[in-house]
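To start, the structure itself, in C-alpha cells.
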C-alpha cells in the first residue's frame, strides 16, 4: 500500500496489450497529456498548485490526462474498431457534465475543458487514421 492508502492498481496503469494502431494513438495522447501536466505543475503535487490560467493551468492538464487515461482503460476491453465510438461516447459524457454544471468553480470547468479538448483531439487522430486506411 502506498502513502495515501492507494493500492498498486490504483496508481499504475494496467499493462498494455499487444500494440495496435489504436492503442498507439491513445498512448501518444496520454504521453503528451502527462507531459503537459508535469509542465503545468512544475512537477509538484496537484494539491499544492494553484489553478493557473486556461489551457496552461494544472486543472486543464489534469482533465486532459484523466480523460485519455479513462478512455485508454475502457479501450483495453474493446475491439480496435470500436475505440473511436468509445471516444465519442466519452466526449459526449464530458460535454454533458460541463453543460449541466455552470455553477462549478473555474478550476472544475478548466478540468472539464481539458478533458473535452483531449478527447476531441483523440477522435480527430482516430478518424484520420481510419480515413487513411489504418483501421
remark   = Apart from one, (1) more than 16 Å from the chain's Cα centre (by Cα); (2) closer than 21 Å to residue 32 by Cα all hold for residue 126; the odd one out is (1)
remark   = The condition from (1) at pLDDT below 90; (2) under 17 Å from residue 120 (Cα atoms) that residue 66 misses is numbered (1)
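Determine, yes or no, whether residue 96 is exposed (fewer than 14 other Cβ atoms within 10 Å of the Cβ) and not in a loop (DSSP other than H, G, I, E, B). Break it down stepwise before answering.
Numbers: exposed (fewer than 14 other Cβ atoms within 10 Å of the Cβ): yes; not in a loop (DSSP other than H, G, I, E, B): yes.
Yes: the conditions hold for residue 96.
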message = Let me spell it out: the conditions are (1) part of a helix (DSSP H, G or I); (2) under 23 Å from residue 126 (Cα atoms); (3) modelled with pLDDT under 90, and residue 39 meets all of them except one. Which number is the exception?
response = (2)
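What about residue 124, is it part of a helix (DSSP H, G or I), modelled with pLDDT of 95 or more and surrounded by fewer than 17 Cβ atoms within 10 Å (Cβ to Cβ)?
In short, yes.
The values are calculated or read from the model by the stated rules, or taken from the named source; none is laboratory data. Because the structure is predicted, anything quoted here is derived from the model rather than measured. Because the Cβ atoms are built from the backbone with ideal geometry, glycine has one as well, and the counts that use them run over all protein chains shown.
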